[in-house]
């Protein structure tokens with residue numbers, strides 16, 4: 001991660017949005033697992049000012065389609081790939097728009113229930 005919250009090496013790839021989501025999602029999983037040993041990585045900031053929230057905040061406007069992705073993306077991005085990140089971000093960083101976007105991407109109640117089962121987070125609830 002650079003000081004702006006981007007992942008420069010991922011931005012150079014030909015499917016850069018995919019790889020940016022791909023690198024941030026495992027960090028979210030690690031933060032979720034760290035809770036089991038009373039570590040709060042969700043809100044940790046390095047001495048250099050880097051944090052999961054900073055990386056998420058930089059990425060989320062593109063996932064919400066508020067901003068156009070300007071980096072290489074030779075294949076269409078499947079926004080379903082971003083749903084777990086959006087759901088975790090909705091819960092951890094109070095992103096109401098993320099929860100709505102995840103619902104819109106998934107589209108059906110059966111898929112909500114499946115994601116709720118996998119993540120433990122009920123995105124179908126209002």
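The values are calculated or read from the model by the stated rules, or taken from the named source; none is laboratory data. Here the structure is a predicted model, which is why all the values come from computation and not from measurement. Cβ: placed from backbone, ideal geometry, glycine included. Neighbour counts: every protein chain shown.
Descriptive notes on the structure:
- Test set (1) in contact with a strand residue (DSSP E or B) (Cβ under 8 Å, 6 or more places away or on another chain); (2) touching a residue at least 60 places away in the same chain (Cβ under 8 Å); (3) surrounded by fewer than 15 Cβ atoms within 10 Å (Cβ to Cβ) - residue 77 fails condition number: (3)
- Criterion violated by residue 67 - all others in (1) loosely packed, with under 15 Cβ neighbours inside 10 Å; (2) more than 21 Å from residue 3 (Cβ to Cβ) satisfied: (2)
- Among the residues making up region 1-31, those that are assigned to a loop (DSSP other than H, G, I, E, B) and buried (at least 16 other Cβ atoms within 10 Å of the Cβ) are 1, 5, 6, 7, 13.
- For region 13-23, filtering for residues that are more than 21 Å from residue 86 (Cα to Cα) and in contact with a helix residue (DSSP H, G or I) (Cβ under 9 Å, 6 or more places away or on another chain) leaves 1.
- Enumeration of residues in region 32-50 that are assigned to a helix (DSSP H, G or I) and either touching a residue at least 40 places away in the same chain (Cβ under 8 Å) or touching a strand residue (DSSP E or B) at 6+ places or on another chain (Cβ under 9 Å) (or both): 32
- Here residue 26 clears all of (1) touching a residue at least 24 places away in the same chain (Cβ under 8 Å); (2) within 11 Å of the chain's Cα centre (by Cα) except the condition numbered (1).
- Taking region 51-126 and the helices (runs of 4 or more DSSP H) fully enclosed by it, the elements with 2 or more residues that are touching a helix residue (DSSP H, G or I) at 6+ places or on another chain (Cβ under 9 Å), within 15 Å of residue 29 (Cα to Cα) and modelled with pLDDT under 85 are at 109-119.
- Region 9-18: number of residues that are free of Cβ contacts under 8 Å to residues at least 40 places away in the same chain, under 17 Å from the mean Cα position of the chain (by Cα) and over 16 Å from residue 60 (Cβ atoms): 0
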